[in-house]
Structure formats: structure tokens, C-alpha cells
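First up is the structure itself, then whatever we jot down about it.
The values are calculated or read from the model by the stated rules, or taken from the named source; none is laboratory data. These numbers come from a predicted model, not from an experiment. We place every Cβ from the backbone using ideal geometry, glycine too, and count neighbours over all the protein chains shown. Keep in mind that these areas ignore ligands, DNA and RNA; they rest on the heavy atoms of the full protein, side chains included. Shrake-Rupley method; radii C 1.70, N 1.55, O 1.52, S 1.80 Å.
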Amino acid sequence: MAYIITEPCVDVKDASCVDVCPVDCIYEGDRMFYIEPDECIDCAACEPVCPVAAIFAEDALPADQTRFIEINKDRSEP
């Protein structure tokens with residue numbers, strides 16, 4: 001399981017999550033940050049520091065945000 005960055009991050013891009021990630025698996029895109037699922041160690045350090053509550057564990061992802069699984073994986077723009 002990985003953590004997923006979702007829609008509230010779009011066009012906000014606060015880097016608090018990047019600063020706390022111990023494995024540097026969060027990458028910056030043009031409009032948002034992305035978590036590389038193969039690099040994420042599921043430590044959850046990023047989730048509580050996100051000021052817009054955009055980060056979720058994959059198994060706790062709101063139903064209307066599931067498209068962000070592929071967006072994070074491919075680092076495609078939403």
C-alpha cells in the first residue's frame with residue numbers, strides 16, 4: 001500500500017510533505033506533488049503535515065479521488 005496525493009493539492013503545492021518524507025518519494029509536478037508508489041514505505045509522515053488534507057493511504061482513499069492512484073503512479077496532470 002502507498003500513500004496517494006489527491007485533488008486538494010492541485011495548484012497549491014505546499015512542500016511540507018516533501019520536507020518530512022524520509023525516503024524522498026514525493027516528486028513535484030507542474031500542478032501538484034506526486035508520491036511514487038514503488039518508493040513509498042508507508043510511514044505516514046506526509047499525511048498529518050499536509051495543510052490541505054490531500055494525502056491518504058490507498059485503502060482509505062475517498063471514492064471520488066480514486067483516479068489519483070493512476071495520476072500519482074504515472075505523474076500525469078489531473
| task | Please identify the pairs in which a residue from region 1-25 that is without any contact (Cβ under 8 Å) to a residue 40 or more places away in the chain has its Cβ atom under 9 Å from the Cβ atom of a residue that is part of a helix (DSSP H, G or I) and open to solvent by 60 Å² or more (accessible area, probe 1.4 Å), counting only partners at least 6 apart or on another chain. | result | Cys17/Glu47; Val20/Pro48
| task | Considering only region 39-50, state which residues are within 17 Å of Arg75 (Cβ to Cβ) and touching a residue at least 24 places away in the same chain (Cβ under 8 Å). | result | Cys40, Cys46
| field | Residues (farther than 13 Å from Glu77 by Cα and among the β-branched types (Val, Ile, Thr)) located in region 1-34 | value | Ile4, Val12, Val18, Val20, Val23, Ile26
| said: Suppose we filter region 43-78 for residues that are in a loop (DSSP other than H, G, I, E, B), open to solvent by less than 60 Å² (accessible area, probe 1.4 Å) and over 22 Å from Asp30 (Cβ atoms); how many remain? | reply: 4
| note | Looking across region 1-13 at residues that are at pLDDT 95 or above, assigned to a loop (DSSP other than H, G, I, E, B) and not polar (S, T, N, Q), the single one that is least open to solvent (accessible area, probe 1.4 Å) is Val10
| task | Note down all Cβ pairs under 6 Å where the first residue falls in region 57-78 and is under 15 Å from Cys9 (Cβ atoms) and acidic (Asp, Glu), the second is open to solvent by less than 90 Å² (accessible area, probe 1.4 Å) and part of a loop (DSSP other than H, G, I, E, B), and they're at least six residues apart or on different chains. | result | Glu77/Arg31
| request: Select from region 20-38 the residues that are in a loop (DSSP other than H, G, I, E, B) and open to solvent by 70 Å² or more (accessible area, probe 1.4 Å) and list them in ascending order. | output: Pro22, Asp24, Asp30, Arg31, Asp38
